[in-house]
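Have a look at the structure below before the remarks.
The values are calculated or read from the model by the stated rules, or taken from the named source; none is laboratory data. Since the model is a prediction, treat every value here as computed from it, not as a measurement. A quick note on method: Cβ atoms are made from the backbone with ideal geometry, for glycine too, and the neighbour counts reach across all protein chains shown. Keep in mind that these areas ignore ligands, DNA and RNA; they rest on the heavy atoms of the full protein, side chains included. Shrake-Rupley method; radii C 1.70, N 1.55, O 1.52, S 1.80 Å.
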Amino acid sequence: MSHNQPPPSPGPYGGGQPPNPYGAPQQPGYGYPQQGQPHIPQQPHPQPGYGYPPQGGPAGQPWPQTPPPPPSRGLGKGAVIGIVAGSVAVLTVVGLGVAALLGGPEGTEKLTTPQSLLGGDYERAEDSAQLEQQRKLLQDELPSDGTAVVGQYLKGGSIEKGALILSGAWGDIDSDPAEMRKDALDGMVQGQPGSQVVQKQTDYEINGDTLSCQLVKAGQGLANMYMPACAWADNSTMAVVAVVSADYTSEGSVDLKEFSETVGKVKEETVQPK
């Protein structure tokens, strides 16, 4: 065998490292930004927070030597999509409790999902596979006289501007409205790991109805995401409405009383006579 063979060519990333024996790294979950960096078997490098752009590679690597961009002050599209998807699941899980509440006096109203809400500020999004699945899960838990309703609305037709999630049911409901509202809001926190209530449940009288509202600080690494939610319940309909917005990045950025007035308008637009 000749001893004058040229040395092996360097790998695609400038080193002679063999391929990762464990295969490609697992991809992140739905709603998280995709990582494009190669696997580098060195000491782990701290990653920026969720919703922020990735920083440059470790020193000594042949990556472009450009200064890293400043941290984003808002939430990127991936972050908004991720939290909206999670909210749909959480709110639908909340609605599962309605199964034991139906079977009372005949209700006179139904819960609907019109094409737009709040004077056209929010447009109803097309049903995704996940949203259809969540609606089916809720419907399967309801008795024959109950109808599940799950809808997602995008502010200005764009998910990057924010989203409104409506989840509930209508039928002949026989249960204490105050308990239903409380259980619905409690379920939001129980269904979202790491989340916590930062403004406790408060009742507001809006247009003759009682709405119970709270502010939740989201978990799952979203340290700067706050989600207000309000619930209503009567003998015909019950629902939870939550809003995800890149503007809600601190507790002080949400006026819960003002939000309850917004949800009161949503109720007027979504609850119709049978």
- Note on the structure: Among (1) in contact (Cβ under 8 Å) with a residue 40 or more places away in the chain; (2) crowded, with 21+ Cβ neighbours inside 10 Å, residue 198 falls short only on (2)
- Task: Starting from residues that are closer than 16 Å to residue 184 by Cβ and at pLDDT below 95, keep the ones in region 242-269 and report whichever is surrounded by the fewest Cβ atoms within 10 Å (Cβ to Cβ).
- Result: 243
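Restricted to region 132-157, and to residues that are of a type in the set (S, T, N, Q) and within 15 Å of the chain's Cα centre (by Cα), which residue is surrounded by the most Cβ atoms within 10 Å (Cβ to Cβ)?
Keep residues of region 132-157 that are of a type in the set (S, T, N, Q), which gives 133-134, 139, 144, 147, 152.
Narrowing the set further to residues that are within 15 Å of the chain's Cα centre (by Cα) leaves 134, 152.
Numbers: 134: 24, 152: 26.
Only one residue tops the list, namely 152.
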- Query: So residue 199 fits all but one of (1) under 20 Å from residue 135 (Cα atoms); (2) in contact with a helix residue (DSSP H, G or I) (Cβ under 7 Å, 6 or more places away or on another chain); (3) not in a loop (DSSP other than H, G, I, E, B); what number is the exception?
  - Reply: (1)
- Scanning region 173-196 for residues that are in a loop (DSSP other than H, G, I, E, B) and more than 16 Å from the chain's Cα centre (by Cα), the one farthest from residue 242 (Cα to Cα) turns out to be 174
- Among (1) under 17 Å from residue 170 (Cβ atoms); (2) at pLDDT below 95; (3) surrounded by fewer than 17 Cβ atoms within 10 Å (Cβ to Cβ) - the single one residue 233 does not satisfy: (3)
- Do any residues in region 150-164 that are more than 15 Å from residue 246 (Cβ to Cβ) and hydroxyl-bearing (Ser, Thr, Tyr) have Cβ atoms under 9 Å from those of residues that are in a strand (DSSP E or B) and open to solvent by 30 Å² or more (accessible area, probe 1.4 Å), where the two are at least six apart or on different chains, and which pairs are they? 153/116; 153/123; 153/124
